[in-house]
Amino acid sequence: MYSFEQLDMSVRAAGLTAALAGGVGLVARMAWGGAADRVRRPSTPLLALATASAVAACCLLVAEPLHAPALVWAGAALFGASGIAANVVIMLALMRATPVHAVGTASGILAVGLYLGFAAGPLGFGLIVDHTGSYRTAWLAVIGANVPAAALAIARRWQRRAREYRPEAAREV
């Protein structure tokens, strides 16, 4: 809708941006799954995904004022590679952090949360656009959701490093 309404892209081109995000997302889920499986700390890929999603939304945010449809294509591809693929990395992080006896319940709760987000996200985005009459606020909301996610991943990394450098602190907790 954004590409069609704000950037005057054809219906076909605008639809292809969604297809691009989905296609890249399909491949990225497999790639991120393999990469995250080899990484010892799940905060590293989670930080990369949240940052890339925020950058994708920034591309989309500035595409209209800059009259740059190329940024829509870049944003769609980057979102497919990050936002659409994030659930694989999030689920893997949960599996690593959850005791075996609670994996079924924990993964079920996470799946419900992820799918509610997939359903509510577009609805919320549309409501913001309809209420404000602008896509700008909606893109800022997407950025506003990803920046704290990246900040949490950074905080987790710092927390873990502090424990590694001060083993006695880890025993105190």
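Taken together, the values in this text are just the output of simple stated rules run on the coordinates, not laboratory data. Computed from a predicted structure; not experimentally measured. Reconstructed Cβ throughout: ideal geometry from the backbone, glycine too, with neighbour counts over all protein chains shown.
What relative contact order, as a whole-number percentage, does the chain give when Cα pairs under 8 Å and 6 or more residues apart are counted? Could the numbers behind the result be given before it?
Numbers: 170 pairs, mean separation 50.0, N = 173.
In percent, rounded to a whole number, it is 29.
Output needed for region 2-172: three equivalent-ellipsoid semi-axes, defined as square roots of 5 times the C-alpha gyration tensor eigenvalues, in descending order, whole Å.
Working through the eigenvalues yields semi-axes of 33, 17, 15 Å.
Could you work out [θ]222 nm for the chain from helices alone, using -39500 (n - 2.57) per DSSP H run of at least four and dividing by all its residues? Round to the nearest 500 deg cm²/dmol. Can you show the working numbers first?
Details: 8 runs with 147 residues, N = 173.
My calculation for the chain gives -29000 deg cm²/dmol from helical runs alone.
Choose one of Ala21, Leu7, Gly108: the residue whose Cα lies farthest towards the positive end of the charge dipole of the chain (beta-carbon charges +1 Lys, Arg; -1 Asp, Glu; about the Cα centre).
Selected residue: Gly108.
Using all Cα-Cα distances in region 38-77, what percent lands in each 5 angstrom bin from 0 up to the longest?
Bin by bin from 0 Å, the calculated values are 6, 26, 21, 15, 11, 10, 6, 4, 1.
Under a 10 Å cutoff between Cα atoms, tell me which one of Pro148, Pro42, Pro65 has the largest fluctuation in the Gaussian network model of the chain.
Among Pro148, Pro42, Pro65, the largest mean-square fluctuation in the Gaussian network model of the chain belongs to Pro65.
Go ahead and set up a Gaussian network model of the chain, Cα springs under 10 Å, then flag whichever of Ala31, Ala150, Ala57 fluctuates most.
Ala31
Can you give the percent of C-alpha pairs in region 67-140 whose distance is more than 19 Å?
54
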